[in-house]
Amino acid sequence: MPSVGQLMKVFVTRRIPQEGMKLLSAAGVCEVSLWDSDEPVQRADLLKGVQGAHGILCLLSDKIDAEVLDAAGPNLKVISTLSVGFDHMAMDEIKKRGIRVGYTPDVLTDATAELTVALLLATARRLPEGVEEVKNGGWSSWKPLWLCGYGLSGSTVGVIGLGRIGMAIARRLMPFGVKRLLYSGRTVKADAAEVKGEFVPLDTLVSESDFIVVSCSLTPETQGLCDKAFFSKMKNTAVFVNSSRGAVVNQDDLYEALTSGQIAAAGLDVTTPEPLPTDHPLLTLKNCVVLPHIGSATYSTRGIMAALSAKNLLGGLQGTDMPSELTF
């Protein structure tokens, strides 16, 4: 085993599942410096921690920009993010410097799809409201229209972004008796036939869907996509669900659509900012369910994500294959 002087320096920006840390320590090629907290690393500590690093293992909450890359210096070979999203990294700058990037797609697909379906059902069937009524004494005699919501049977579901996660959501929704599955995006997807998916223009999807599920990635085209004009085309009985990125939605416009009765309800697992301030207007609404970005939060998924991010990091450090390398 090389002496400590020869070990490559790695900075890990957060306490991560043991599956990842064990792989890093067992590899014997790196000296790991860890921001040992469940809370995000402060900017000053991040800039200090990456100094001289050969590798960085980061999270979605860490802004990896030119300043961080400069602080790390010329040794930096690889950045491995414990996420499928990479909009927190200055990709042009990273590419320019020839730094390799690893991420964790696929492994969180099932967990995120499950959570999205759970969020859709909880929102459409008003589960949080129901729980609250039981607790506060609002549950009296049976009433024909009390806490009625919307069901999936016979409905039209629109999926914006039928990628890995979008397809996994669609597969899980079809057994509920969904009548039509519409999707929009840049291209027709070959595997959409499996869920009888119809490729339609966005306007068609928005106006004809009873449930709209957003599962696209955040790009300049999708930033603020779900705005006043978007919500105004939705049915007033429609339910809107977003488990992609908070910035895809204009939250002021969503609040307006929910309070005016323009749409029936919304379920969000992602917001802008994160965490959403406790005094945010959306949190005052009964017809809006907000979760704290827990799409991939199962023990097994987070463990697999940690292991994959460690393997990506080690591959980048040693100049070998990375299991999930982001190609530019």
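Data for the structure
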{"quantity": "Residues of the stretch 203-244 that turn out to be in contact (Cβ under 8 Å) with a residue 24 or more places away in the chain, within 21 Å of the chain's Cα centre (by Cα) and open to solvent by 40 Å² or more (accessible area, probe 1.4 Å), as a count", "calculated": "5"}
{"quantity": "Selection count, the stretch 51-108, where residues are open to solvent by 50 Å² or more (accessible area, probe 1.4 Å), out of contact with any helix residue (DSSP H, G or I) (no Cβ under 7 Å at 6 or more places or on another chain) and farther than 29 Å from Pro292 by Cβ", "calculated": "7"}
{"quantity": "Filtered residues of the stretch 43-54 (kept if part of a helix (DSSP H, G or I) and farther than 10 Å from Thr13 by Cβ)", "calculated": "Arg43, Ala44, Leu47, Lys48"}
{"quantity": "Elements of type helices (runs of 4 or more DSSP H) contained in the stretch 217-323, each with 1 or more residues being polar (S, T, N, Q) and in contact with a strand residue (DSSP E or B) (Cβ under 8 Å, 6 or more places away or on another chain)", "calculated": "299-318"}
{"quantity": "Given (1) open to solvent by 20 Å² or more (accessible area, probe 1.4 Å); (2) small (Gly, Ala, Ser); (3) farther than 19 Å from Val289 by Cα, index of the condition Ser155 fails", "calculated": "(1)"}
{"quantity": "Those residues of the stretch 141-179 which are at pLDDT 95 or above, basic (Lys, Arg) and over 17 Å from Val241 (Cα atoms), in sequence order", "calculated": "Lys179"}
{"quantity": "Subset of the stretch 212-240 (residues that are under 19 Å from Ala124 (Cβ atoms) and of a type outside the set (A, V, I, L, M, F, W, C))", "calculated": "Ser215, Lys235, Asn236, Thr237"}
{"quantity": "Residues that are open to solvent by 10 Å² or more (accessible area, probe 1.4 Å) and farther than 11 Å from Thr112 by Cβ, drawn from the stretch 298-309", "calculated": "Tyr299, Ser300, Arg302, Ile304, Ala307, Leu308"}
{"quantity": "The stretch 163-202, residues that are aliphatic (A, V, I, L, M), open to solvent by less than 10 Å² (accessible area, probe 1.4 Å) and under 21 Å from the mean Cα position of the chain (by Cα)", "calculated": "Met167, Ala168, Ile169, Ala170, Leu173"}
{"quantity": "The stretch 54-89: number of residues that are of a type in the set (Gly, Ala, Ser) and modelled with pLDDT under 95", "calculated": "3"}
{"quantity": "Near pairs, Cβ below 6 angstrom, 6+ apart or cross-chain, from the stretch 63-89 (under 18 Å from Pro273 (Cβ atoms)) to any residue that is open to solvent by 70 Å² or more (accessible area, probe 1.4 Å) and in a loop (DSSP other than H, G, I, E, B)", "calculated": "His88/Lys63"}
{"quantity": "Filter result for Asp191 (in contact (Cβ under 8 Å) with a residue 60 or more places away in the chain, among the charged types (D, E, K, R) and under 24 Å from Thr112 (Cβ atoms))", "calculated": "no"}
{"quantity": "Enumeration of residues in the stretch 209-235 that are out of contact with any Lys or Arg (no Cβ under 8 Å at 6 or more places or on another chain) and within 17 Å of Leu152 (Cα to Cα)", "calculated": "Phe211, Ile212, Val213, Val214, Met234, Lys235"}
{"quantity": "Residues satisfying the stated conditions in the stretch 141-157, i.e. closer than 30 Å to Pro220 by Cβ and in contact with a Phe, Trp or Tyr (Cβ under 7 Å, 6 or more places away or on another chain)", "calculated": "Val157"}
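Let's see how each residue does on (1) within 16 Å of the chain's Cα centre (by Cα); (2) touching a residue at least 40 places away in the same chain (Cβ under 8 Å); (3) surrounded by fewer than 16 Cβ atoms within 10 Å (Cβ to Cβ):
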| position | (1), (2), (3) |
| --- | --- |
| Lys286 | no, yes, yes |
| Ser296 | yes, yes, no |
| Lys311 | no, yes, no |
| Leu314 | no, yes, no |
| Leu326 | no, yes, no |
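Conditions (1) within 22 Å of Leu162 (Cβ to Cβ); (2) in contact with a helix residue (DSSP H, G or I) (Cβ under 7 Å, 6 or more places away or on another chain), marked per residue:
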position	(1), (2)
Ser217	yes, no
Lys235	yes, no
Ser243	yes, yes
Asp269	yes, yes
Ser296	yes, yes
Gly315	no, no
Leu326	yes, no
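The values are calculated or read from the model by the stated rules, or taken from the named source; none is laboratory data. These numbers were taken from a predicted model, which means no experiment stands behind them. Positions of Cβ are generated from backbone atoms using ideal geometry, with glycine treated the same way; all protein chains shown enter the neighbour counts. With ligands, DNA and RNA removed, areas are computed over all heavy atoms of the protein, side chains included. Shrake-Rupley method; radii C 1.70, N 1.55, O 1.52, S 1.80 Å.
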